[in-house]
Amino acid sequence: MDCTIYLNDRKYRVCDIGEGRCTLVLSYAEGIESLHEHFSHQFLEIERMIVIDISTCWSGEIDTLCEKDRCELIGDVRLLTDIYWLDDFEIKTDKGQEIFQGISALALSTE
């Protein structure tokens, strides 16, 4: 089920699907009515995924964000991982790209 959450005063739609090892899927899902319906049949190899729709607070796809905006987004994701009590997770885009690989562990551990 989709829900709305505010992270650092920014509004996100979030959908938690499945159980087990978690992958956070960042998506610019503007125009997608139900995250659950859209994503529950994708990424079947993922045990649990938390879909984070960034379209309500960011102006474009993740790969178009400037470095400052990406850092702020990582801060929001860090807060979400605290809310969900996640210790072991991956971060991907809805296209399967691991764009935060390498910097995500460093950025998430320094706060």
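The alpha carbon centroids of the stretch 8-55 and the stretch 56-72 are separated by 17 Å. Entry comment: accessible area of the chain is 57 Å² per residue, from protein heavy atoms only and a probe of 1.4 Å. Here the accessible area of the chain is 49 percent carbon and sulfur, with a 1.4 angstrom probe and all protein chains present. Among beta bridges from DSSP that stay inside the chain, the antiparallel ones total about 50%.
From the coordinates of this entry, semi-axes √(5λ) of the Cα gyration tensor in Å is computed, and it appears in (i) 36, 23, 11; (ii) 33, 21, 12; (iii) 19, 17, 14 under the label (iii). Placing +1 on each Lys and Arg Cβ and -1 on each Asp and Glu Cβ, with no other charges, gives the chain a dipole about its Cα centre of roughly 140 debye. From helices alone, the chain scores -7000 deg cm²/dmol at 222 nm; the rule is -39500 (n - 2.57) for each run of n ≥ 4 DSSP H residues, then divide by the residue total.
Where does the charge balance sit around Leu7 when Lys and Arg score +1, Asp and Glu -1, over other residues with C-beta under 11 Å from its C-beta? Here the charged neighbours net out to -1. Note on Cys66 and His36: their simple-model spin labels are 3.8 nm apart, each label 7 Å out from Cα toward Cβ.
Hey, what did the chain get for relative contact order, percent, Cα under 8 Å, at least 6 apart?
So the answer I get is 29 percent.
The values are calculated or read from the model by the stated rules, or taken from the named source; none is laboratory data. These numbers were taken from a predicted model, which means no experiment stands behind them. Cβ: placed from backbone, ideal geometry, glycine included. Neighbour counts: every protein chain shown. Note: accessible area is taken over every heavy atom of the protein model, side chains too, but ligands, DNA and RNA are not part of it. Shrake-Rupley method; radii C 1.70, N 1.55, O 1.52, S 1.80 Å.
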